[in-house]
């Protein structure tokens, strides 16, 4: 006598095949014949012989339902496949069931691979009945992966894929060992240094040295970290070389007196000037990196505080007595000249010329009533003011200095590139 399966309309053919799967799961394949092979394949009759996907192997069908025999039913055995065929004139229905519970069970043991950086990558496939809630978080959920007796390696969930059917929900999870996945180096912004950049996953790997860059990107909750450090000393003198620069030398201004060259004799006040001039000197150029911006300097060869001026004055007085009247003439003029970059070596001088400007003769040879001769007096003077020495001007020290911010590390320290020309 044929035994029915779930309904009186499905009669077992022989004995169902049972396959034992991993982790306590089973697969059951059941072959059945139908009561009306000629018409059961009709669309109108499919519900009589085709159970719903995901339904239990022990569940009675809605049409002519039949309960399982004692001890026959497997726990959580749910329909995953159903199809029909014709064999020797009989309409055959094949039903395949698998163990599908309300919690995820691994289909097989983990698959372990390694990335090119030697980090472990674990693929885990799990299955449960349709609609089972999956509650894991990328970047947070972790597992301890262990092969044989090795020390367990903690790996974090980097991605997962859910495959849903009417019968089951299958999840493929990818776990990755956190660590360094890429390292690169390049010449640093600071001369003589190297910048090391490490890209890591799961957890930040920070290169040794001064940290100057940090970023974190997140994709579906899984973080990738980028850290850049300078692994040498940043501050200090980085380069020194020689350069030829143009500098200024102060001039000299002297108030002095010069003798006249005519027969009248006398002196005149004049200004002797050695003008400021330029020359080229060899300077040492030093490129340094400091954590503070340098302050103001008093540069060498600086003429900014050296300057003087001289006022020259000319005064003339003429008196010319006549037979009937006396004539007088007087004039006064002054001029001021400035000398930037010059200093006074003598700050004053005076000159004077006195002579007979007109000679009167007597009216006759015996007369003594001729007026006195006309007289002329010319006086000159130079008076200087301003710098009287080259104080503040030096041939040694710093000629000039330039600075600019070079970089700021993640602790907030700013490093300055300072270029100094010194003699």
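Only the coordinates and a few stated rules stand behind these numbers; no lab work does. Just so it is clear, the structure is predicted and the values come from calculations on it, not from any experiment. Because the Cβ atoms are built from the backbone with ideal geometry, glycine has one as well, and the counts that use them run over all protein chains shown.
The Cα trace of the range 181-232 gives Rg and Dmax of 11.7, 40 Å, the first to one decimal, the second as a whole number. With a 10 Å cut-off between alpha carbons and a GNM built on the chain, which of 288, 43, 348 moves the most? Maximum fluctuation in the GNM of the chain, among the listed residues, is at 43. Measuring from centroid to centroid over Cα atoms, what is the spacing of the range 1-24 and the range 288-323 in Å? That distance is 119 Å. A simple packing score, the average count of other Cβ atoms within 10 Å per residue, orders the peptides 199-206, 84-91 as 199-206, 84-91, with the highest score first. What number, in percent, do you get for the relative contact order of the chain if the mean sequence gap of Cα pairs under 8 Å and at least 6 apart is divided by its residue count? That works out to 10 percent.
Of the residues 180, 218, 116, the one with the fewest other Cβ atoms within 10 Å heads the list, and the complete ranking is 116, 218, 180.
Strictly greater than 19 Å: what percent of every Cα pair in the range 48-132 meets that? Percentage above 19 Å: 57. Just from its helices, what would the mean residue ellipticity at 222 nm be for the chain, if runs of 4 or more DSSP H residues each count -39500 (n - 2.57) and the sum is divided by every residue, rounded to the nearest 500 deg cm²/dmol? Result for the chain, helices only: 0 deg cm²/dmol. Compactness of the range 106-176 is given as radius of gyration and Dmax, 13.1, 40 Å, from Cα positions.
Applying 1/(1 + (r/R0)^6) with r as the Cβ-Cβ distance of residue 147 and residue 217 and R0 = 51 angstrom yields a FRET efficiency of 0.95. Of the residues 196, 153, 289, the one that moves most in a GNM of the chain with alpha-carbon contacts below 10 Å is 153. Among 111, 226, the order by Cβ neighbours within 10 angstrom, fewest to most, reads 111, 226. Using a Gaussian network model of the chain with C-alpha springs under 10 Å, which one of 71, 341, 260 is most mobile by mean-square fluctuation? Ranking 71, 341, 260 by mean-square fluctuation puts 71 first. Over the range 152-203, the ratio between the Cα radius of gyration and 2.2 N^0.38 Å evaluates to 1.97. Given the choices (i) 26.2; (ii) 46.1; (iii) 18.6, mean projected area of the Cα convex hull in nm² derived from the coordinates of this structure is entry (ii). Over the range 98-224, the hull volume per residue, using the convex hull of the C-alpha atoms, is 125 Å³. Ranked by how many other Cβ atoms sit within 10 Å of their own Cβ, fewest first, the residues 308, 382 fall in the order 308, 382.
Relative to its Kirkwood radius, the Cα radius of gyration of the range 4-99 gives an Rg/Rh of 0.96. Put the Cα centre of the range 382-402 next to the Cα centre of the range 212-263 and the gap is 23 Å.
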